[in-house]
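Before any comments, here is the structure.
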Amino acid sequence: MIDAPALRGLSILLVEDEIMIAAMVEDMLLDFGCAIAGIARDLPRAVMLARTASIDAALLDANLGGVSSGPVADILAARRVPFLFETGYGAHGIEPAHRTRPILAKPFTEEALVAALLALVAPQVVVAGRARFGRAAT
């Protein structure tokens, strides 16, 4: 198990259509001490959670059963929620407006996931009421 104190208590939205991958990632996130804001396997649920859930960060599968998760990315970007794409297709499977977002290549290890999450939330000094690492965005 990886010790990642900076991730403890973060509320993470997980958008993943493959049930086995979702279960594996959920277990990893819980091992890191994260809270799960919600898990969505399809676009309608992902959109609903992106709009309404209290989220510190999100992991988005770029392709949800042949449907782009771009609308979810749009909502998260508008809410200024940091997110990354998890995909086996590289930037080609991501809508042009979001191709500069971080990508976690599938398959990935627990170490790669924790590193990606730490990089994603590093600029946030205060998350969930607790001091974090990094510098404040100006």
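Summary of values
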| read-out | value |
| --- | --- |
| Karplus-derived 3J(HN,Hα), 6.51/-1.76/1.60, for each residue of the range 92-105, Hz, glycine and proline x | 5, x, 10, 4, x, 5, 10, 5, 8, 6, x, 10, 9, 6 |
| Cα shape, the range 58-107, gyration tensor, a/c 1.5 rule | prolate |
| Gyration tensor verdict on the range 1-53 (Cα atoms; rounded if a/c is under 1.5, prolate if a/b is larger than b/c, oblate otherwise) | oblate |
| Apportionment of accessible area to carbon and sulfur, the chain, percent (1.4 Å) | 58 percent |
| For the range 111-116, Karplus couplings with θ = phi - 60° (6.51, -1.76, 1.60), whole Hz, Gly/Pro x | 5, 5, 5, 5, 5, 5 |
| Amide H within-cut-off set for L64, under 5 Å, with H built and near neighbours excluded | S69 |
| Under Karplus coefficients 6.51, -1.76 and 1.60, residue-wise ³J(HN,Hα) of the range 13-20 in Hz, glycine/proline x | 8, 10, 10, 8, 7, 8, 4, 5 |
| Theoretical ellipticity at 222 nm over the chain - DSSP helices of four or more residues, -39500 (n - 2.57) apiece, nearest 500 | -10000 deg cm²/dmol |
| Å² of accessible area per residue within the chain, as computed with a 1.4 Å probe and no ligands counted | 50 Å² |
| The range 44-100: trypsin sites (Lys or Arg not before Pro) in DSSP coil with no more than 16 other Cβ atoms inside 10 Å | R80, R99 |
| Under-5 Å amide H pairs with L13, H placed in peptide plane, nonlocal only | A37, D56, A57, A58, L59 |
| Choice from T100, T87, T52 showing the highest fluctuation, given a GNM over the chain with Cα pairs closer than 10 Å | T52 |
| Computed over the chain, Cα set: Rg, Dmax in Å | 13.8, 39 |
| Once exposed loop chymotrypsin sites (Phe, Trp or Tyr not before Pro) are cut out (DSSP; at most 14 other Cβ, 10 Å), longest piece of the chain | 1-88 |
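The values are calculated or read from the model by the stated rules, or taken from the named source; none is laboratory data. From a predicted model like this one, the values you see are computed outputs, not experimental measurements. Cβ: placed from backbone, ideal geometry, glycine included. Neighbour counts: every protein chain shown. Keep in mind that these areas ignore ligands, DNA and RNA; they rest on the heavy atoms of the full protein, side chains included. Shrake-Rupley method; radii C 1.70, N 1.55, O 1.52, S 1.80 Å.
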